[in-house]
Amino acid sequence: MHLPRSGVLLLLVLAMALALGLFLATQDHGLGGGVWPSYTIDSVQSIEIATAGERFVLVKEPSGWVVRIDGAEADALPTPADRSRIEALLAAIAHNRPTQTLGQVPAAELAAYGFSEPKVRILLKPSTVGLSEVLLTFGNETPTGAALYAQSSLAAGSVFLLDASLLHQVDKPADHYFDFRMLDLRTDEAQHLTAYGNSGVQWEMERKDDSFIFLLPESLKGSTISSSEVRLFLHNLTAITADNILAKNDQQPGGRPSFTLEITMAKATEPLRLEIFPQEGESEQVFGRSSRHPSGFLLDHGKAKSLFRLAFDMQWRGVITYDSARVQSARIYSAMGNQTLVAEKTASGWEDREHGRKLTGLDLSLWRLKELRFEAEPIARIAYPAVQRLALDLYAKDAKPLTSFVFYSDPRLPPDQCWLKVGAEEMYYPVGHQIIEELQGYLPARAVKASSE
């Protein structure tokens, strides 16, 4: 059987395309594998970087990766480095292999490619046995701007072409690699926290099982702390980062810090320490210092303010406790509108049987009621101009009273707050007023008076 001439030509074209693809793939593999490093962070001990403006080294030390700046004072401490950014640098180098080789270029001609004053030099020193130390030199961009001239010590004398975008990934300044976290904090390992103000200890707490309890102040000793508040506080300590890391000791402020925090971690011998100093003049930043950045850092004043927590802020401030499963009916009464709703819980949900209505969402409102937190210290009495706005009574099976709540508006409170009185307790708690509007929304419309003929 003979193939037609067109079939033979098609097979020849396919074979040539396959051979060309195999050749290009082999060439690309040869360029990458033999002359260009592909190191991971775990196989590297240090990375020396020289740009047009500075020289610095990223070093793996027992405490972790740090940045050491060339020319720094002899007593200058290294700055902790952001491991993820070092990983990104190594990945950028590994994934941007040479696309073409220009072969051996005479030393006298290297200046024409920008190697007499290179844009960046990177010396990779491996920690893994069997890997070679590699010096990468990045010169000028090609006239079109699409490629970049580079050299590798793995192929001495050769000049390669790389994608030009790599230059903007390797020419970063030293502070690009700084770890701007104030503390190296793993929130689930925090065991003991102490906060100091100008007048001494503000509060002290320790972990007990899965929650925290107060040790100080004395008035709160042994009381449980809001788990959500502690989580938020610890989260802020890890999420809020410094705006500028100070690598020198010459900017240490005088005076005492306005806020100091010590955190003892599990299995640690020394606590983590954070100090925030008072704002000076019209500056938008405050000075901070920590066990991670002993030379100090600058922090936006708004960020610093969000770190402060009083004992009141940290304590559990729940107002309402009752067994939700026992609630079978509810009565909502608006004194100002003279409106009453009697709601009954059925297998299909809450109903207003008197008016034949389904009360969608009432379960969610009662859940929000239990989540109310008082926003300031409660008081034992209220008086005019405080006025009653709403009353809520909850009943168990057979209409047995379970608990009751009365809400009062008061123009002396912040506009988003109201007073709450729980049951027969003679105590009034300032809480968010949104619950009034929510419960009032279930009330039936007020009857319209018939006009006289």
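Among the trypsin sites (Lys or Arg not before Pro) in the range 85-194, those placed in a DSSP loop whose Cβ has at most 15 other Cβ atoms within 10 Å are ARG186. Of the GluC sites (Glu not before Pro) found in the range 61-126, those in coil by DSSP whose Cβ has at most 14 other Cβ atoms within 10 Å are GLU73. Stretching the chain fully between ARG83 and SER223 yields a gain of 46.4 nm (0.36 nm per residue, less the alpha carbon separation). Applying 0.36 nm per residue to the separation of GLU425 and HIS355 and subtracting their alpha-carbon distance, the gain on full extension is 21.9 nm. Rounded to 0.05, the FRET efficiency of the ALA335 and ASP171 pair, given R0 = 45 Å and the Cβ-Cβ distance, is 0.05.
Would any residue of the range 198-216 have its amide N under 20 Å from a label point 7 Å out along Cα→Cβ of THR238? List them or say none. From the range 198-216, the list is 205-213. Once the Cα-Cα distance is subtracted from the 0.36 nm per residue extended length, the ASP210 to SER404 segment shows a gain of 66.7 nm. Entry note, the chain: the mean residue ellipticity at 222 nm calculated from DSSP H runs of n ≥ 4, each adding -39500 (n - 2.57), is -6000 deg cm²/dmol after division by the residues and rounding to the nearest 500. State the percentage of accessible surface on the chain attributable to carbon and sulfur atoms; use a 1.4 Å probe and exclude ligands, DNA and RNA. Looking at the chain in its full context, I get 53 percent from C and S.
Taking a sphere under 15 Å around the Cβ of GLU344 and counting the other residues whose Cβ falls inside, with K and R at +1 and D and E at -1, yields a net charge of +2. Just flag the chymotrypsin sites (Phe, Trp or Tyr not before Pro) in the range 323-425 sitting in loop per DSSP whose Cβ has no more than 11 other Cβ atoms within 10 Å. Passing sites in the range 323-425 do not exist. Net charge in the neighbourhood of TYR408 (other residues with Cβ under 12 Å of its Cβ; Lys, Arg +1, Asp, Glu -1) is +3.
Note on SER283 and ALA347: their simple-model spin labels are 7.0 nm apart, each label 7 Å out from Cα toward Cβ.
Remark: spin-label model distance GLU117-GLU189 equals 4.8 nm, labels positioned 7 Å along the Cα→Cβ axis.
Residues in the chain average 55 Å² of solvent-accessible surface per residue, probe 1.4 Å, ligands and nucleic acids excluded.
Within the range 282-312, find all residues whose amide N lies under 12 Å from a label point positioned 7 Å from the Cα of ALA72 along Cα-to-beta-carbon. Only 293-296 pass the distance filter. Remark on LYS119: its backbone amide H falls under 5 Å from those of PHE138, GLY139, a criterion applied only to residues 5 or more positions apart or on other chains, H modelled at 1.01 Å from N.
The values are calculated or read from the model by the stated rules, or taken from the named source; none is laboratory data. These numbers were taken from a predicted model, which means no experiment stands behind them. Using ideal geometry, Cβ is built from the backbone for each residue, glycine included, and neighbour counts are taken over all protein chains shown. All accessible areas refer to the heavy atoms of the entire protein, side chains included, with ligands and DNA or RNA removed. Shrake-Rupley method; radii C 1.70, N 1.55, O 1.52, S 1.80 Å.
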